[in-house]
1. Under 9 Å by Cβ, and 6 or more places apart or on different chains, what pairs join a residue from segment 166-185 that is free of Cβ contacts under 8 Å to residues at least 60 places away in the same chain with one that is surrounded by 15 or more Cβ atoms within 10 Å (Cβ to Cβ) and among the aromatic types (Phe, Trp, Tyr)?
2. Among the residues of segment 151-167, is there at least one that is part of a loop (DSSP other than H, G, I, E, B), at pLDDT 95 or above and basic (Lys, Arg)?
3. Can you work out which of the residues in segment 89-141 that are in contact with a strand residue (DSSP E or B) (Cβ under 6 Å, 6 or more places away or on another chain) and assigned to a loop (DSSP other than H, G, I, E, B) is surrounded by the most Cβ atoms within 10 Å (Cβ to Cβ)?
4. Working carefully through the options 70, 81, 104, find the one that is among the acidic types (Asp, Glu) and at pLDDT below 95.
5. Being crowded, with 24+ Cβ neighbours inside 10 Å and either out of contact with any Pro (no Cβ under 9 Å at 6 or more places or on another chain) or more than 17 Å from residue 39 (Cα to Cα) (or both) is the filter here; which residues of segment 74-85 pass it?
6. Output the number of residues of segment 1-21 satisfying the condition of being closer than 21 Å to residue 33 by Cα and either in a loop (DSSP other than H, G, I, E, B) or charged (D, E, K, R) (or both).
7. Please find, within segment 31-60, the residue that is nearest to residue 3 (Cα to Cα) out of those that are part of a loop (DSSP other than H, G, I, E, B) and of a type in the set (Gly, Ala, Ser).
8. Determine which member of the set 79, 85, 9 is touching a residue at least 24 places away in the same chain (Cβ under 8 Å), touching a Gly at 6+ places or on another chain (Cβ under 7 Å) and within 25 Å of residue 159 (Cα to Cα).
Amino acid sequence: MTVRIGVISGSVRQGSHNMALAALGAARVAAAGAEAAMIDLATFDLPVYSQDIEQHACPADARRLKAAFEACDGLLIASPEHNGSIPALLKNAIDWASRPSEGESLVALTAFRGKAAGIMSASIGPFGGMRALAHLRQILGTVQMIVVPEQLAVPLAGSAFTPGRALAEPLPNTILDGLVTRLVDVAGRLRG
C-alpha cells in the first residue's frame with residue numbers, strides 16, 4: 001500500500017511562497033513513490049476554535065479536515081512566519097483536527113498520533129521562518145507526531161524562487177529532497 005502524505009500550506013494568499021514550497025514538496029513526495037494529498041486550508045470554513053462552539057455543534061468542516069488528516073500516513077507542512085510563530089490559520093486547523101470525535105478520549109489525537117511530519121518554511125526575512133519552525137515542531141510533538149529532524153528554511157523568499165516557482169538555488173533543493181525522502185520512509189515505517 002502506497003504511503004500517503006498530506007501536504008499543507010499555512011498560507012492561502014495568492015502568490016504565497018509557502019504555497020509554492022508546498023507544491024514543490026508534493027512533487028517530491030510523488031517522485032519518492034508516495035501519494036501526495038494536497039490539503040488546501042482555504043477550502044475549510046473553520047471558526048476560531050472555541051470549546052463552546054465544539055460542544056454546541058462541531059463544524060462539519062472541522063470533521064472533514066480531521067478526516068483528511070486521518071487518511072494520511074504523514075504530513076508535510078509549509079508554514080510562513082507571522083510575528084515569530086506560525087500563522088493563526090494553521091494553528092486553528094491543528095486545534096480543530098486535534099479534537100476528539102464521538103466515542104474518542106480527549107487525548108485520542110487520531111489525526112496525528114504516531115504519524116510522521118516534515119516541516120518547512122519560506123520567509124521574506126533573513127532567517128527563513130526558523131522561529132515558526134521551532135514552534136511548529138513543538139506543536140506537532142504535543143499532538144504526538146514524530147517530526148523528522150530534517151527541515152527546510154528558505155530565507156529571502158522574494159528572490160529564492162524562479163519565475164516558474166521552483167527553488168532557484170541547489171542547496172534548498174537538496175535539503176527538500178532529503179526532508180521528503182526521510183518523511184516518506186518514516187511515515188511508511190510508522191504505518192507498519
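1. 168/161
2. Yes, there is a match, as at least one residue in segment 151-167 is part of a loop (DSSP other than H, G, I, E, B), at pLDDT 95 or above and basic (Lys, Arg).
3. Among those residues, the one meeting the criterion is 129.
4. Criteria check complete, one pass: 104.
5. If the condition is that a residue be crowded, with 24+ Cβ neighbours inside 10 Å and either out of contact with any Pro (no Cβ under 9 Å at 6 or more places or on another chain) or more than 17 Å from residue 39 (Cα to Cα) (or both), then 74, 75, 76, 77, 78, 81 are the ones that fit.
6. Count: 4.
7. Restricting to residues being part of a loop (DSSP other than H, G, I, E, B) and of a type in the set (Gly, Ala, Ser), the top hit is 34.
8. Unique residue meeting the criteria: 79.
The values are calculated or read from the model by the stated rules, or taken from the named source; none is laboratory data. Not measured: the values here are computed from a predicted model. Don't worry about glycine lacking a Cβ; one is built from the backbone with ideal geometry, like all the others, and counts go over all protein chains shown.
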